[in-house]
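Trainee: Here it is, the structure, as C-alpha cells.
The values are calculated or read from the model by the stated rules, or taken from the named source; none is laboratory data. Computed from a predicted model, the values in this text were never measured in an experiment. Cβ placement follows ideal geometry from the backbone for every residue including glycine, while neighbour counts extend to all protein chains displayed.
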Amino acid sequence: MKMIVAIIRPEKFEAVEDALAEKGYIGMTVTEVKGRGVQKGIKLQYRGSVIEVDLLHKIKLEIVVDDENVDEVVDIISRNARTGRHGDGRIFIMPVEKSIRIRTGEVEKQ
C-alpha cells in the first residue's frame, strides 16, 4: 500500500475529486492548508500599494491505494489539477506499513 499526498490549488479540488470518484477512488482525507513553493508567495496590488502574500491557500489530499493503483491515481490528480502555472502543487508517495480499521480491528499489512 502507498499513501499519495497531493497539494493542489483549491479551485482544482472539485475536478480532481470528481475524476477520482469516476474511477472508483472515493476514500480520501482532505485538509485546507497554507504553504508556498519556490515562488515564495505572490505580490498583489491593492488600492495602489503592493501586498506580499507569503502563504497561499491550498488543498491537501491524502489517499491510500494498493501499489498497482499508484500510477493511475497520480495520473488522474496530475491531469485534473494542472493549469501550467506556478503553484499547481506537488504529489508525494509514501509507503504504508499497516492499516487498521478502528470499527472492526481488521488489520491490513503491506
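Trainee: State whether the residues of region 44-62 include one that is within 17 Å of GLU11 (Cβ to Cβ) and of a type in the set (S, T, N, Q).
Mentor: Checked against the condition, which is being within 17 Å of GLU11 (Cβ to Cβ) and of a type in the set (S, T, N, Q), region 44-62 yields no hits at all.
Trainee: Moving on to the next point. Taking the residues in region 69-107 that are assigned to a strand (DSSP E or B) and closer than 29 Å to LYS34 by Cβ as candidates, determine which candidate is farthest from the chain's Cα centre (by Cα). Let's see the steps before the verdict.
Mentor: The initial filter retains those residues of region 69-107 that are assigned to a strand (DSSP E or B), namely 89-95, 98-100, 107.
Still in the running and closer than 29 Å to LYS34 by Cβ: 89-95, 99.
Details: GLY89: 8, ARG90: 7, ILE91: 7, PHE92: 9, ILE93: 11, MET94: 13, PRO95: 16, SER99: 20 Å.
My answer is SER99.
Trainee: Examine region 101-108 for a residue that is of a type in the set (S, T, N, Q) and free of Cβ contacts under 8 Å to residues at least 24 places away in the same chain, and state whether such a residue exists.
Mentor: Within region 101-108 (the criterion being of a type in the set (S, T, N, Q) and free of Cβ contacts under 8 Å to residues at least 24 places away in the same chain), the answer is yes, since at least one residue qualifies.
Trainee: A follow-up question, please. Counting just the residues of region 75-88 that are modelled with pLDDT of 95 or more and either surrounded by 15 or more Cβ atoms within 10 Å (Cβ to Cβ) or not acidic (Asp, Glu) (or both), which one comes out farthest from VAL64 (Cα to Cα)?
Mentor: Applying the first criterion (modelled with pLDDT of 95 or more) to region 75-88 yields 75-83.
So of that shortlist, the ones also either surrounded by 15 or more Cβ atoms within 10 Å (Cβ to Cβ) or not acidic (Asp, Glu) (or both) come out as 76-83.
Values: ILE76: 14, ILE77: 14, SER78: 16, ARG79: 19, ASN80: 19, ALA81: 19, ARG82: 21, THR83: 25 Å.
Among them, the one singled out is THR83.
Trainee: What number of residues in region 13-57 are modelled with pLDDT of 95 or more and under 20 Å from ILE93 (Cα atoms)? Break it down into steps so the answer makes sense when it comes.
Mentor: Quick first cut of region 13-57, residues modelled with pLDDT of 95 or more only: 13-33.
Going one step further and asking which of them are under 20 Å from ILE93 (Cα atoms), we end up with 13, 16-17, 19-21, 23-33.
Counting residues in region 13-57 that are modelled with pLDDT of 95 or more and under 20 Å from ILE93 (Cα atoms) gives 17.
Trainee: All but one of (1) of a type in the set (Lys, Arg); (2) closer than 24 Å to SER99 by Cα; (3) exposed (fewer than 13 other Cβ atoms within 10 Å of the Cβ) hold for LYS34; state the number of the condition that does not hold.
Mentor: (2)
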